[in-house]
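The structure appears below as structure tokens.
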Amino acid sequence: MELLPGIYEQVISQYLASKLSGPEREGRVLKDPLARFDPQNVLARHIAKILRGALLSADERHLPLAEQVRICNRLIGHLAAELHDETLERCAITPDAEILLALAERNPSALNIIAPARPETSIAQSSLFTGSPKEPGLVNEMRKEIQSADRIDLLVSFIKWSGIRLILDDLKEFVRHGGCLRVITTSYTGATDIKAVEVLAALPNTTVRISYDTERTRLHAKTYTFHRNNGFSTSYIGSSNLSSPAMTSGLEWNIKITEQDSYDIIRKIEETFETYWNDPEFVAYTPESREQLRHALSREKRGEFDLRPVFDIQPYYYQKEILERLKVEREVRKNYRNLIVAATGTGKTVVSAFDYKSLIRRPGEYPRLLFVAHREEILKQSLQVFRGVLNDQNFGDLLVGGNEPAQFDHLFTSIQSLNSRNLSDLTPPDYYDMIVVDEFHHAAAPSYQKLLTHYTPKVL
């Protein structure tokens, strides 16, 4: 073994001591007492490394496995004698040299033993997932981890519906049998889907806690911990959030650690999770929290496009006239399908925003709105107009281009995104109170027919 300059953390054996001696090493060797370095763990690792090397060497020399087991048992017997601990003798390996894989639940009525599901990767030895097609799929491994866990703690910076639906059936079965599920997430970057949070929070024996303070907290950790009461807990730590690409096709790296070979790390994960869980920063999600989460997600996503300052916008006189005529059409003539025709630049979008504002009965309780246009730039400008008229910079979400909405209740979307995302399949015909279609002459195109034939809003 060649000793190169650098940093080390290695027990000094007699062999290593001989390498460190000599005039050429004088003044270059830095050492510290073993007692300062968690000596029991250090000694155990040292012996384990020696034993592993010796057994591999024995195997290369074709020493039978039975003889290797006998060598291990003699070492255990020597430890028992040296420490005068008879209980150590019971740690000797049985002559059959077998591995316990499972202990099935007691079921007197079952004719056959049904083996519990188990991951392909070891639950006693750590492993690395790199997204390679040659290794087990991350989502399939996690599904099997769920099926054999007693408790589950998930710590992820954001949660997508596309990710939750991959493991939702397994989670439902897990909690149905009494398993406890705890989830910590945030509104950071506005990437979390409200639907995913709602579905999780609605499960029995499940609590979801959310941090809304993204300026201070900025939680970006991803840890999936599967607790087992038998001492075989596992935890996945890495780059994958709860989204479909991250869990399936993405080039994500995640390491799976086990309680058996990384006991201290598992304990630290548990302790840190408990610290977060009991921190007032992370608030339990309830159905009443929906609006708070929606606002927080919208606020985080505002950086995706330029914001304009909010002013107290008032309609021009001719815009007021249009609004008054709309009111008459609805209240007197009961016509709720209305067409506004005006020259370019005269503020038809402003009129639609004030028209929408007139539907609000109580402050902050916005009727459901769908605003449809054919270009992304028009949608961004229109959203700013509505935010200005409502004096609410958190109002509305975009569904266009790379923008993902946190909710569908107040949505500004292109007709292409509406059709490609099958919004009509996700929302019933009477879902929206008002639908606004910009540049309505485009509605003659076939792409608009799905919108106009599916939805029956109160106001179009």
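The values are calculated or read from the model by the stated rules, or taken from the named source; none is laboratory data. Predicted model, so just to flag it, every value in this text is computed and none were measured. Using ideal geometry, Cβ is built from the backbone for each residue, glycine included, and neighbour counts are taken over all protein chains shown.
So, Trp253, is that one closer than 25 Å to His295 by Cβ, more than 14 Å from the chain's Cα centre (by Cα), in contact (Cβ under 8 Å) with a residue 24 or more places away in the chain and surrounded by fewer than 21 Cβ atoms within 10 Å (Cβ to Cβ) or not? So Trp253 does not fit the description; no. Of all the listed residues (Glu252, Glu274, Glu259), the sole one being under 26 Å from Leu168 (Cα atoms), of a type in the set (D, E, K, R) and modelled with pLDDT of 95 or more is Glu259. Apart from one condition, Glu300 fits all of (1) surrounded by 16 or more Cβ atoms within 10 Å (Cβ to Cβ); (2) not in a helix (DSSP H, G or I); the exception is (2). Condition test on Asn107, is it within 20 Å of the chain's Cα centre (by Cα), without any contact (Cβ under 8 Å) to a residue 60 or more places away in the chain, surrounded by fewer than 18 Cβ atoms within 10 Å (Cβ to Cβ) and not assigned by TED's automatic domain parsing to the domain that holds Val69? Judged against the criteria, Asn107 is not a match.
If you check Glu281 against the conditions, is it among the charged types (D, E, K, R), within 30 Å of Asp409 (Cα to Cα) and free of Cβ contacts under 8 Å to residues at least 12 places away in the same chain?
Numbers: among the charged types (D, E, K, R): yes; within 30 Å of Asp409 (Cα to Cα): yes; free of Cβ contacts under 8 Å to residues at least 12 places away in the same chain: no.
So Glu281 does not fit the description; no.
The set of residues from the stretch 352-365 being buried (at least 21 other Cβ atoms within 10 Å of the Cβ) and either under 23 Å from Leu426 (Cβ atoms) or of a type in the set (Val, Ile, Thr) (or both) comprises just one member, Tyr356. Hey, any hits in the stretch 222-229 for a residue that's exposed (fewer than 15 other Cβ atoms within 10 Å of the Cβ) and within 30 Å of Gly190 (Cβ to Cβ)? Checking the stretch 222-229: not a single residue is exposed (fewer than 15 other Cβ atoms within 10 Å of the Cβ) and within 30 Å of Gly190 (Cβ to Cβ). Consider Arg375 carefully, then state whether it is surrounded by fewer than 18 Cβ atoms within 10 Å (Cβ to Cβ), of a type in the set (D, E, K, R) and under 33 Å from the mean Cα position of the chain (by Cα). It is true that Arg375 is surrounded by fewer than 18 Cβ atoms within 10 Å (Cβ to Cβ), of a type in the set (D, E, K, R) and under 33 Å from the mean Cα position of the chain (by Cα). Taking strands (runs of 3 or more DSSP E) as the structural unit, those lying wholly within the stretch 359-460 and holding at least 2 residues that are free of Cβ contacts under 8 Å to residues at least 60 places away in the same chain correspond to 410-414. What is the residue count in the stretch 230-240 for residues that are buried (at least 20 other Cβ atoms within 10 Å of the Cβ) and in contact with a Ser or Thr (Cβ under 6 Å, 6 or more places away or on another chain)? Going through the stretch 230-240 one residue at a time, the tally reaches 2.
Scan Tyr317, Tyr336 and give me the residue that is aromatic (Phe, Trp, Tyr) and either modelled with pLDDT of 90 or more or touching a helix residue (DSSP H, G or I) at 6+ places or on another chain (Cβ under 8 Å) (or both).
Working: Tyr317 fails: either modelled with pLDDT of 90 or more or touching a helix residue (DSSP H, G or I) at 6+ places or on another chain (Cβ under 8 Å) (or both).
When all the criteria are applied, what remains is Tyr336.
Looking across the stretch 384-419 at every residue that is among the aliphatic types (A, V, I, L, M) and more than 25 Å from Ala445 (Cβ to Cβ), the one that is surrounded by the fewest Cβ atoms within 10 Å (Cβ to Cβ) is identified as Leu390.
Restricting to the stretch 256-273, name every residue that is assigned to a loop (DSSP other than H, G, I, E, B), without any contact (Cβ under 8 Å) to a residue 60 or more places away in the chain and surrounded by fewer than 14 Cβ atoms within 10 Å (Cβ to Cβ). Working first, answer last.
Start the filter on the stretch 256-273 by keeping residues that are assigned to a loop (DSSP other than H, G, I, E, B), which leaves 259-262.
Now drop any that are not without any contact (Cβ under 8 Å) to a residue 60 or more places away in the chain, which leaves 259.
Residues satisfying the conditions do not exist here.
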